[in-house]
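A quick write-up on the structure given underneath.
The values are calculated or read from the model by the stated rules, or taken from the named source; none is laboratory data. The structure presented is a predicted model; accordingly, all values stated were derived computationally and were not measured. Here the Cβ positions follow ideal geometry from the backbone for every residue, glycine too, while neighbour counts run over all protein chains shown. Side chains are part of the model used for accessible areas, which takes the heavy atoms of the whole protein and leaves out ligands, DNA and RNA. Shrake-Rupley method; radii C 1.70, N 1.55, O 1.52, S 1.80 Å.
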Amino acid sequence: MSPIKAVRGVRDILPAETRRWQRVEAAAHRVFEAYGYREIRVPLFERTELFARGIGDETDIVKKEMYTFDDRSGESLTLRPEATASVLRAYIEHGFHVEPKPVRLYTMGPMFRYERPQAGRYRQFHQANVEALGETHPALDAEVIAMLMDFFGALGLADRLELRVNSIGDAGTRPAYIARLVDYLGPRRAELCGECRARLDRNPLRVLDCKTPGCQPIIEKAPSILDSLSREAARHFDTVRECLEAMGVAHTVDPRLVRGLDYYVRTTFEVLTAELGAQNAVAGGGRYDGLIAQLEGPADPGIGFAIGLERVVLLLGGDERGTGPLAVLIPLGEAALRRLLPAARRARQGGVPVELGYGIRKLPRELERANRLGAAWAVIAGDNELARGLALLRDMRSGEQRAVPLDGLADELIRLRAEGAGPR
Ligand code: AMP
């Protein structure tokens, strides 16, 4: 029998990478909270019906990508493919709508989609999701987008990303545009890829999203949705852009940005990178007025986005440093172990990462281990030192040693750390 491996498309995030994840998560907490967002944690699975109703029966996600199963009582449950439906379910269930508007919520965690795995695309992946609920003012759209770009700015990534914005109009005027699009695409059906021919029948807007090179010349000449906006939708979009400009948020308008989910209206946006090959979307979002009502909640509007955290971590790149201990404590024997064990604990309580040997290996082996762990210091205590109440503090770089009192060892390590010493 061979050892069991992780499921295809599902990956471990190994220690060499977790520092970067922590930086990304810390930036999200800091930036979102500065804009008044509060964290909410929603379950990893919900009733299947929530996603069917909240994402749309005709979307790729619901048709092809959900992890759906019956639990032992026969109820159909689904691992969440996205977070918006769950956050809105919680908003309705807990009566958030009575709070001052807009209600600002964010959440982070794993999502599950049965997609074809490739670099930057997984079957379990992580998102940070932001939702602002109960306010239609276009300044909110601009604020949400500015916050997204501030998140990337906080990680030093802003220069490597492109923000695209669009308006896909209101539910009321979209059918007229879709009719124009179908009039245009219909006679060109034979030139479209197989996928697009199917989309033309099911969800013609999605043709604009196609990445197949052969479809591009047709898509480029398609009528622009921006020419079909209602007066209100056009004014809304103009104000969003003016507010973005007032805040100095660089963006390009992309009339073909329609996004994959059915629920969007008016503002849509996406953040793209040229550095990750085919998986070029790092974040995306839009306005979804009407979705809360569709889930049997109040008629509150909403806007939000999702950031793909794997892709952010990939962009950050770089090797990990500074994960080793500051010092390795090396007792030579059982009696020394009894003295160093509490000293190690005191140093750790003081926030200093230290490692301990257990007095079972010879000194050269212990020093080699300290070296491999990348420790800046080794602390050696044998019977001779113990008898004098001392330990030897060895600089792992130079090999120089000096004696320090065992009683003051933890404080000495805390002092060294405060002086800026770190693992090599
Ligand atoms: P969506 O919820 O489809 O709008 O996706 C929002 C963001 O999540 C995308 O821009 C990607 O960065 C990320 N994302 C979506 N699907 C995947 C996946 N299968 N693997 C990794 N990241 C993903």
Candidates ASN203, ASN384, ASN280, ranked by Gaussian network fluctuation over the chain, Cα under 10 Å, top entry: ASN384
Label-point separation, GLU162 to VAL253 (7 Å along Cα→Cβ), nm: 1.7 nm
Carbon plus sulfur fraction of accessible area for the stretch 186-304, probe 1.4 Å, in percent: 48 percent
Farthest positive-ward along the chain dipole, Cα basis, beta-carbon charges - from ILE178, ALA391, THR267: ALA391
Net length gained if the chain between ASN371 and VAL98 were fully extended (0.36 nm per residue, minus Cα distance): 92.4 nm
Surface per residue (accessible, 1.4 Å probe) for the stretch 1-119, Å²: 58 Å²
Residue of THR239, THR107, THR212 that the Gaussian network model of the chain assigns the largest fluctuation, springs spanning Cα pairs under 10 Å: THR212
Per residue accessible area in Å² of the stretch 290-360, where ligands, DNA and RNA are left out and the probe is 1.4 Å: 43 Å²
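Where the accessible area of the stretch 105-181 is counted over protein heavy atoms with a 1.4 Å probe, how much of it, in %, is carbon and sulfur?
Details: 1300 of 2600 Å².
Solvent-exposed carbon and sulfur of the stretch 105-181 make up 50 percent of the total.
Quick one: if the Förster radius is 35 Å, what FRET efficiency do LEU341 and GLU400 give, using the C-beta to C-beta distance and rounding to 0.05?
Once rounded, the FRET efficiency stands at 0.85.
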Spacing of the two label points (7 Å from each Cα toward its C-beta) at GLN279 and ALA176, in nm: 4.1 nm
Nearest-20 debye value, the stretch 256-315 charge dipole, Cβ charges on Lys, Arg, Asp, Glu: 200 debye
For the chain: lysine pairs under 29 Å (alpha-carbon distance), excluding those fewer than 8 apart on one chain: 5
Charged-residue dipole, Cβ positions (Lys, Arg, Asp, Glu), the chain about Cα centre, Debye nearest 20: 1440 debye
Net length gained if the chain between GLN216 and ALA198 were fully extended (0.36 nm per residue, minus Cα distance): 4.8 nm
Three-way shape label, the stretch 72-157, alpha-carbon gyration tensor, a/c 1.5: oblate
The stretch 1-78: GluC sites (Glu not before Pro) falling in loop per DSSP and having at most 15 other Cβ within 10 Å: GLU58, GLU75
Protein accessible area in the stretch 341-391, 1.4 Å probe - carbon and sulfur %: 49 percent
Centroid-to-centroid separation of the stretch 19-41 and the stretch 104-174 [C-alpha atoms, Å]: 14 Å
Helix-only [θ]222 nm of the chain, DSSP H runs n ≥ 4, -39500 (n - 2.57) each, per residue, nearest 500: -10500 deg cm²/dmol
Cα-centred dipole magnitude for the stretch 171-301, charges only on beta-carbon of K, R (+1) and D, E (-1), debye, nearest 20: 440 debye
Among ALA83, ALA347, ALA176, residue whose mean-square fluctuation peaks in a GNM of the chain (springs only between Cα atoms under 10 Å): ALA347
